[in-house]
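Undergrad: First the structure, then my questions, so here it is.
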Amino acid sequence: MKITDHIKQADKTLLSLEILPPRKGQKIEDLFSVLDPLMEYKPSFVNVTYHREENKYIPQANGLLRKQKVRKRPGTVGIAAGITNRYNVDTVPHIICGGFSKEETENALIDLDYLGVNNLLVLRGDPMKSEGVFVPEPEGHEYASELLEQVVNLNKGIYLDDELQNIAKTNFCIGVAAYPEKHFESPNKKTDLQYLKQKVDKGADYIVTQMFFDNQVYFDFVKKCREMDINVPIIPGLKPLATKKQLQRIPQFFHINYPEVLVDEVLKCKTNEAVYELGIEWAVQQSKELMAFGAPCLHYYTMGRGNNILKVVEQVY
Ligand code: FAD
């Protein structure tokens, strides 16, 4: 079922989860052991992130380095199908511009269509760690809005090869990402919102936000979106803070701010266990307030670990 239909049919705030494919060499059962207890709370859908290849530099006998491409977390499509198979739940694989030509994207979309997956989160993708800035493939897309256009075209039966006959249309429901505190490359919030609106105008059906720890950030963001005539559902993304180290790491990786009160409380904690418990408590309060506000769904980023999410979900759903 499409995510937008889940939302339309719901009479309460839905639950969704986001998982990472396991690192190459790890068992899928490790992922299932994270998901098994969470599935009792009947999430409406599970997102599966996509991780592009990275460059690895291997020392050679001659002293030079050989560049090799490696993908540390392959398997997004297989895992999406595996989760639906095991739990009978809708999955939302992420598809990204980075590392893909348009032709490869089209073929991946055809695979997903054949598998019966009809929800996607369409993203530009992170830059390669070794490159620092996002570099599109020569025959690929530079922005999520361009990739989105390709999916919208496929939904209309427009393939890259315009000589195809008796074409089948796909039926993807399309989500896109948004950043209530601004995407880190954007010159300002207004410009960022204009590009978000462009994605919605081109056919995005709903939005999932970057994590935030201050609900006012989400409330203000939703208000601004509505003022700009962005009227699709806006699903808030949440992650419980788990360690003191994350006070630096999360802003570094995700470009978000922590509210002062939360930081003050974390700094008072003497152990990481205390931070972990505080993170759960904070996320529970955030979740309850977002529900009262009428958020269509709460989207929890598990990042490969589910224990704290389970403790939050137990108290909220
Ligand atoms: P875009 O919408 O393309 O925006 C990128 C930047 O370009 C923004 O600053 C925007 O304002 C600007 N921009 C947009 N259009 C234009 C234009 N036409 N001209 C000039 N500037 C423009 N990354 C992964 O690699 N894999 C994942 O699975 C993944 N999942 C994610 C899930 C969620 C919910 C979120 C919020 C992020 C996720 N990311 C993931 C991270 C995401 O790929 C990065 O944040 C990336 O830097 C931006 O992706 P986007 O789709 O928002 O890009």
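The values are calculated or read from the model by the stated rules, or taken from the named source; none is laboratory data. All values derive from a computational prediction rather than experimental measurement. Cβ sites come from the backbone with ideal geometry, for glycine too, and all protein chains shown count toward neighbours. Surface areas here come from the heavy atoms of the whole protein model, side chains and all, with no ligands, DNA or RNA. Shrake-Rupley method; radii C 1.70, N 1.55, O 1.52, S 1.80 Å.
Undergrad: For the range 180-191, enumerate the residues that are open to solvent by 80 Å² or more (accessible area, probe 1.4 Å) and over 20 Å from Asp201 (Cα atoms).
TA: Of everything in the range 180-191, those that are open to solvent by 80 Å² or more (accessible area, probe 1.4 Å) and over 20 Å from Asp201 (Cα atoms) turn out to be Phe184, Glu185, Pro187.
Undergrad: Across the range 229-272, what is the total count of residues that are under 26 Å from Gly175 (Cβ atoms) and open to solvent by 70 Å² or more (accessible area, probe 1.4 Å)?
TA: 7
Undergrad: Further question: Can you tell me which residue is least open to solvent (accessible area, probe 1.4 Å) among those in the range 161-179 that are of a type outside the set (S, T, N, Q) and more than 18 Å from the chain's Cα centre (by Cα)?
TA: Here the answer is Ala168.
Undergrad: Given the criteria touching a residue at least 12 places away in the same chain (Cβ under 8 Å), surrounded by fewer than 21 Cβ atoms within 10 Å (Cβ to Cβ) and closer than 30 Å to Val232 by Cα, does Arg23 qualify?
TA: Spelling it out, it is not the case that Arg23 is touching a residue at least 12 places away in the same chain (Cβ under 8 Å), surrounded by fewer than 21 Cβ atoms within 10 Å (Cβ to Cβ) and closer than 30 Å to Val232 by Cα.
Undergrad: I'm trying to understand the selection: among the residues of the range 120-160, which are surrounded by fewer than 17 Cβ atoms within 10 Å (Cβ to Cβ), touching a residue at least 60 places away in the same chain (Cβ under 8 Å) and within 12 Å of the ligand (Cβ to nearest atom)?
TA: Asp126, Lys129
Undergrad: Moving on to the next point. How many of the residues making up the range 179-236 are over 27 Å from Asn118 (Cα atoms), hydrophobic (A, V, I, L, M, F, W, C) and within 13 Å of the ligand (Cβ to nearest atom)?
TA: The total comes to 3.
Undergrad: Could you figure out which of (1) touching a helix residue (DSSP H, G or I) at 6+ places or on another chain (Cβ under 7 Å); (2) within 16 Å of the ligand (Cβ to nearest atom); (3) more than 25 Å from Lys199 (Cβ to Cβ) isn't true of Tyr87?
TA: Status for Tyr87: all satisfied but (2).
Undergrad: Report yes if some residue within the range 273-287 is crowded, with 18+ Cβ neighbours inside 10 Å, assigned to a loop (DSSP other than H, G, I, E, B) and in contact with a Pro (Cβ under 7 Å, 6 or more places away or on another chain); otherwise report no.
TA: Checked against the condition, which is being crowded, with 18+ Cβ neighbours inside 10 Å, assigned to a loop (DSSP other than H, G, I, E, B) and in contact with a Pro (Cβ under 7 Å, 6 or more places away or on another chain), the range 273-287 yields no hits at all.
Undergrad: Out of the residues in the range 204-220 meeting the condition of being within 13 Å of Phe293 (Cα to Cα) and of a type in the set (Phe, Trp, Tyr), tell me which one is surrounded by the fewest Cβ atoms within 10 Å (Cβ to Cβ).
TA: The selected residue is Phe219.
Undergrad: Pull up the range 90-119, narrow it to residues that are in a loop (DSSP other than H, G, I, E, B) and within 14 Å of the ligand (Cβ to nearest atom), then point me to the one that is surrounded by the most Cβ atoms within 10 Å (Cβ to Cβ).
TA: Cys97
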